[in-house]
Amino acid sequence: MDAGIAPSRTLRTQVRAALAACRGAFGQAAKFALDIALPTLCVACREPVDGEGVCAECWSKLSFIEPPYCPRLGIPFVYDPGPEMLSMEAIANPPAYQRARAAVRYDEVARTLVHSLKYQDRTDLAPAMGRWMARAGRELLAGADMLIPVPLHWRRAWHRRYNQSGALARAIERASGVRLRGELLQRVRRTEQQVGLSRSQRASNVQGAFKVSVDRQAEIAGKRVVLIDDVLTSGATVDACARALLRARAAQVDVLVFARVVDGPKPPI
Ligand SMILES: [Zn+2]
């Protein structure tokens, strides 16, 4: 019996060694092949795509915001009224920040991207989204001293592990060269989610929620700041952040978001 087992054990060992060698060689070759041939996947639907970003189909569903738009709020206009014509919203309800720009309208594909980044740890989406934002916000970034992402309360950051606005800001820093200074603005009060609240409820929910600590105010004073967030809805959150930065004597605060809610193209007044 021993005589029967011994050769088969030897054979098994030899086969195993040969297989391991094969796997090693194949693994290296496969890895090399993957390195040069693995197609990039569409960030929205995961289909293979040429180059980076989204596939042609998802790209066609994203609505990139292009001029003409309100020079203050970035809300798209249906026709070009000429430079410096503001939207009704900018005149009726001027925000604390100077200008806002968004890469895309907040619609289905944009929502998929935002939710994947925010809730599914898809930090791999941030570079493409950040590049689109850097393009949409190039006139804001041209004169900016620093980028500040809208901060999460530390308890929420702890649960979510990272701040999606911070991930976008890092990508914009790489694309634009403007320095990220996320540590200068803090969320000092935990706030309810803004979803489902009215405009005035949103404003009071975030009032006093953000602060530049006294020992960091000198680093903000006289500086042009671009606030970074994922989505702009009523603008209450970025407005509260802008107020905190202006209290610390920032020279100007602009806002750059990935997507903004647009009711429909508006005529200028
Ligand atoms: Zn796609």
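Tabulated data
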| read-out | value |
| --- | --- |
| Spin-label pair residue 207/residue 183, simplified geometry with 7 Å Cα→Cβ offset, distance in nm | 3.3 nm |
| Length gained when the stretch residue 249-residue 195 is fully extended (0.36 nm per residue, less Cα-Cα span) | 16.4 nm |
| Exposure ranking of 69, 79 by accessible area [1.4 Å probe, largest first] | 79, 69 |
| For the range 112-269: rounded, prolate or oblate by the Cα gyration tensor [a/c cutoff 1.5] | rounded |
| Heavy atoms of residue 114: accessible area, 1.4 Å probe, square angstrom to 10 | 0 Å² |
| Cα-based reach from residue 118 at 17 Å (exclusive), listing aspartates and glutamates while leaving out same-chain residues under 8 positions away | 107, 108, 192, 229, 230 |
| 184, 246, 152, ranked by accessible area, largest first (probe 1.4 Å) | 246, 152, 184 |
| Rounded to the nearest 10 Å², the accessible area of residue 111 at probe 1.4 Å | 100 Å² |
| Gap separating the Cα centres of the range 195-241 and the range 63-116, nearest whole Å | 18 Å |
| Relative contact order for the range 81-218, counting Cα pairs under 8 Å that sit 6 or more residues apart, in percent | 21 percent |
| Inter-site label distance for residue 66 and residue 154 at 7 Å from Cα along Cβ, in nm | 4.7 nm |
| Estimated inter-spin distance, residue 121 and residue 221, nm [label 7 Å along Cα→Cβ] | 4.3 nm |
| Proximal aspartates and glutamates to residue 223, defined as alpha-carbon separation beneath 14 angstrom and excluding residues fewer than eight positions away on the same chain | 145, 254 |
| Rounded accessible area of residue 62 (nearest 10 Å², 1.4 Å probe) | 10 Å² |
| Sites residue 84 and residue 162 - FRET efficiency at Förster radius 51 Å, r taken between beta-carbons, to 0.05 | 0.85 |
| Residue 72 long-range amide H proximity, modeled H, under 5 Å | 87 |
| Cβ-Cβ FRET estimate between residue 46 and residue 135, R0 fixed at 30 Å, reported to 0.05 | 0.80 |
| Accessible-area ranking of 97, 119, 162, largest first, probe 1.4 Å | 119, 162, 97 |
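The values are calculated or read from the model by the stated rules, or taken from the named source; none is laboratory data. Here the structure is a predicted model, which means the values were calculated and not measured. When we count neighbours, we look across all protein chains shown, and the Cβ atoms used for this are built from the backbone with ideal geometry, even at glycine. What goes into the accessible areas is simple: the full protein's heavy atoms, side chains included, and nothing from ligands, DNA or RNA. Shrake-Rupley method; radii C 1.70, N 1.55, O 1.52, S 1.80 Å.
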